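What follows is a set of notes on a single structure, which appears directly below.
The values are calculated or read from the model by the stated rules, or taken from the named source; none is laboratory data. Treat the numbers as computed from the prediction; the structure is a model and nothing was measured. Virtual Cβ from ideal backbone geometry, glycine too; neighbours counted across all protein chains shown. Keep in mind that these areas ignore ligands, DNA and RNA; they rest on the heavy atoms of the full protein, side chains included. Shrake-Rupley method; radii C 1.70, N 1.55, O 1.52, S 1.80 Å.
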Amino acid sequence: MPDDKPEKSLSENSSPQVLPYGSWPSPISAALVAGTSRRLGQPKVHRGAVFWTETRPEEKGRTTLVRWTAGDGSKDIVPAPYSVQSRVHEYGGGAFAAHDETCWFVNKQDQCIHVVKDGSMRKLTAESSRCFADLVHDLVRNRLLAISEDHAFPEPRTSLVAIDCTDGAITTLREGGDFYSSPRLSPDANKLAWLEWNHPDMPWDAAQLMIADVTPEGGIANMQAIAGGDESSVAQPVWRNNDEIMFAWDDSDWWNLYAWRDGNVRALHPLDAEFALPHWVFGMQSFGLRDANTVICAYTQNGTWRVAELDLETGNFKNVELPFTQIEHLHAADGGVVLQAASSQQAASIVLLDGSNKPQELRRAASFDLDAGFLPPPEAIAFKTGDDDIAHGLYYAPANPEFRGERETAPPLLVKVHGGPTAATSSALDMKLRFWTSRGFAVLDVNYRGSTGYGRNYREKLYGQWGIADVEDCVFGARELAKRGLADPERLLISGSSAGGFTVLAALTFHDVFAGGASYYGIGDLAGAMRDTAKFESRYGDKLVGPLPECEGEWRARSPLFHAEQLKRPVIFFQGLDDRIVPPDQSERMFDAARANGVATAYLPFPGEGHGFRQAETIEAALNAEYAFYCEVLGIPVTEESGGSASG
């Protein structure tokens, strides 16, 4: 893959020029950011080969499947126009499985499972109302295990199914519950584990681990629940052998590692750290077996991820020295270990570890020829917030070796709100974030109460408080940085997407701290969004706010749309017109309300984009427009070198 390079070279020895914060010329253009927004996903290792998905903005957001071997290097194995993407829960994940030269994948356009081998392609499942995710190959029975979501019903029906690899025939193994995920076969394929949960819980609330025997006919029998359920959640089951299964469980407040065998559960290494991520997408994995007695795992503390090895016989736990601070995925099988890893100075990469844990980079999402002065690491901060509580975040100072701000001035601050509610900031190199810091903005990436990475108790602090606690944390965080002299209190901005976009709109409507903001497919009418959203999230709000219709008044009280007369701050809206999670009318109604209220505003709709922008032209246009909007709001001069475009 060719390197993506900045538009001009920079001298490490030149003296910084003094210019107002926010106006600094930068080689990190919106076009550069858009061209480097390639997404790598869910690597798997199988018999010496490594597979991963790769989403490419330059191909209109198409996702291909890549296979790497030591002999042949990296090769695309799913050609255009096919795109590897599942729509189960609308977020997808687990969209492929592989065995030797054969791969099965879910195709975005028809949601059918296709088979590719040696360059030849055939459709395995017929077009229907079903879509599939979490594909697992059952070699013994020549079939796939998968999660099926059938849209032939008013509320889609989810089930655990088996799919014959010869004729595509579908057999239901488990149904009747609201949700299933993570089918995992024991090494001898005689036992099956999976997760299940029901409305109104989300998987991080009460996912329960089930196991059963697989019958000679391929069905399941002697089913039992072994962990999780009410008040606790299991994630990411992994069989150690035919009798013992490992999993992450938050019974201790943290998602720690446990093992079950013959009815007994034991903690493997208690630690105030998270060894799993919330199950927003299928196929997530943070640990696996390096060999029969060694677990290799990724875990996070205080916003930083590490990799460690755990000896199951001695209990010895040791960190692996690697140059990464963010681990999105870890898969181990057949003696191999592969990571999706990044740091504040390195974009996401697919990394293979050898037996001595020496990393070999197989693919990097983007490469840059940038002075290190553009990429200083963030500072993890904690600050007091509402109810005398503590919130967290990552602070990024303005960073451009060519420029510095004027004396006795502080930079504008952009508060970034992740697309939670249950999510977390990332310390991975994000060129979109560096777009701002290289122009002289400070950035606070907030892990508001409700975010993942600080234990279940912190995660649940948003329950009943959505639209209150998250907004308070952004407000208090901005004020704290201004108090420390790290931000100009008159030039505080806020930007977020999805649920983060709702937080933006609530902050601008109900508070007067921010000078302006940007909402990316954000929610203005909470109850309306919950009624229109996909099954997966349709009852999420029961815990975040309260059940409908009983708590309709509370939902309206927290919805910016119904209080638009209080919106006095400039705001710009960005919306994909194919978004099924937050429909376009959410942004359109808020835009109309802001405009009717005399607020400086703009609305940029993007045909062909869904929930999360994938196309290079969209990413570039949105970033340029957001910057130009802020410059207009704050009176920052826009130059060709600083990269603003008023029209986007």
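Please state the shape class of the stretch 363-419: rounded when a/c is under 1.5, otherwise prolate if a/b exceeds b/c and oblate if not, all from the C-alpha gyration tensor. Taking the square roots of the gyration eigenvalues as a ≥ b ≥ c, the stretch 363-419 is oblate. When the chain is described by a simple charge dipole with +1 on each Lys and Arg Cβ and -1 on each Asp and Glu Cβ, the residue from PHE629, GLN586, SER426 located farthest towards its positive end is PHE629. Charge dipole (Cα centre; +1 on Lys/Arg Cβ, -1 on Asp/Glu Cβ; no other charges) of the stretch 14-98 amounts to roughly 200 debye. Length available on full extension from ASN241 to ARG122: 0.36 nm per residue minus the Cα-Cα distance, which gives 39.4 nm. Shown in residue order for the stretch 567-582 are the 3J(HN,Hα) couplings computed by the Karplus curve 6.51 cos²θ - 1.76 cosθ + 1.60 at θ = phi - 60°: 7, 10, 10, x, 8, 10, 10, 10, 8, x, 6, 9, 6, 9, 8, 10 Hz (x for Gly and Pro). Listed by chain and number, the lysines whose alpha-carbon sits under 26 Å from that of LYS358, ignoring those within fewer than 8 places in the same chain, are LYS44, LYS75, LYS318. Helix-only arithmetic for the chain: the sum of -39500 (n - 2.57) across DSSP H runs with n ≥ 4, divided by the residue total, places the mean residue ellipticity at 222 nm at -4500 deg cm²/dmol. For the stretch 507-648, carbon and sulfur atoms together expose 49% of the accessible surface, with a 1.4 angstrom probe and every protein chain in place. With the Cα gyration tensor of the chain giving a ≥ b ≥ c as the square roots of its eigenvalues, does the rule (a/c under 1.5 for rounded; else a/b larger than b/c for prolate; else oblate) give rounded, prolate or oblate? Prolate. When only Cα pairs below 8 angstrom with a gap of at least 6 residues are kept, the chain shows a relative contact order of 12 percent.
Basic side chains Lys and Arg get +1 at the Cβ, acidic Asp and Glu get -1 at the Cβ, and with that the dipole of the stretch 96-181 about its Cα centre reaches some 100 debye.
Determine the relative contact order of the stretch 251-350: mean sequence separation of Cα pairs under 8 Å and six or more apart, normalised by residue count, in whole percent. Show your work: numbers first, answer last.
Values: 194 pairs, mean separation 18.5, N = 100.
So the answer I get is 18 percent.
Here the stretch 208-232 is scanned for amide nitrogen atoms under 19 Å from the site 7 Å beyond the Cα of ASN190 along Cα-to-Cβ, giving 211-224. Each residue of the stretch 227-234 was assigned a 3J(HN,Hα) from its phi angle through the Karplus expression (A = 6.51, B = -1.76, C = 1.60, θ = phi - 60°), giving 6, x, x, 4, 6, 7, 9, 9 Hz with x at Gly and Pro.
Each Lys or Arg adds one and each Asp or Glu takes one away; over the other residues whose Cβ falls under 9 Å from the Cβ of ASN357, this sums to -2. When +1 charges are put on Lys and Arg Cβ atoms and -1 charges on Asp and Glu Cβ atoms, the dipole computed for the chain relative to its Cα centre reaches about 700 debye. What whole number of Å gives the distance from the Cα centroid of the stretch 278-305 to the Cα centroid of the stretch 539-576? Here the answer is 35 Å between Cα centres.
Rounded to a whole number, what % of the accessible area of the stretch 133-273 do carbon and sulfur atoms account for, probe 1.4 Å? Numbers along the way, then the final one.
Working: 2380 of 5430 Å².
Result for the stretch 133-273: 44 percent of the exposed heavy-atom area is carbon or sulfur.
The stretch 108-150 and the stretch 376-420 have Cα centres lying 45 Å from one another.
Helix 499-510 and the long axis of the chain differ in direction by around 30°, with both axes built from C-alpha atoms.
Using a 1.4 angstrom probe, figure out how much accessible area the chain has per residue, in square angstrom, rounded to the nearest whole. Walk me through the intermediate numbers first.
Details: 23910 Å² over 648 residues.
That works out to 37 Å² for each residue.
Within the accessible surface of the stretch 288-382, defined with a 1.4 Å probe on protein heavy atoms only, the carbon and sulfur portion equals 42 percent. Between LYS358 and ASP213, the distance separating the two model label sites (each 7 Å from Cα on the Cα→Cβ line) works out to 4.8 nm. Along the Cα→Cβ direction, 7 angstrom out, place labels at LEU577 and LYS384. What is the inter-label distance in nm? Going from the LEU577 label point to the LYS384 one covers 5.0 nm. Taken one residue at a time, the phi angles of the stretch 305-310 give Karplus couplings (6.51, -1.76, 1.60, θ = phi - 60°) of 9, 9, 10, 9, 10, 10 Hz. Gly and Pro are set to x.
Placing a label point 7 Å from the Cα of ASP150 along the Cα-to-Cβ line, no residue of the stretch 84-104 has its backbone N under 11 Å from it.
Amide H to amide H distances under 5 Å link THR385 with ILE390, ALA391, where only residues 5 or more positions off or on other chains count and H is placed in the peptide plane. Local charge for TRP197 was computed over the other residues whose Cβ lies under 9 Å away, with Lys and Arg +1 and Asp and Glu -1, and equals -4. Which Cα, out of LEU492, THR533, SER559, lies furthest along the positive dipole direction of the stretch 467-568 (beta carbon charges, K/R +1, D/E -1)? It is LEU492, whose Cα lies furthest towards the positive end. Within the stretch 324-476, DSSP assigns beta bridges of which about 85% are antiparallel (rounded to the nearest 5). Annotation: amide H-H contacts under 5 Å for ARG143 (H modelled 1.01 Å from N, sequence separation of 5 or more, or interchain): ASP138, CYS165.
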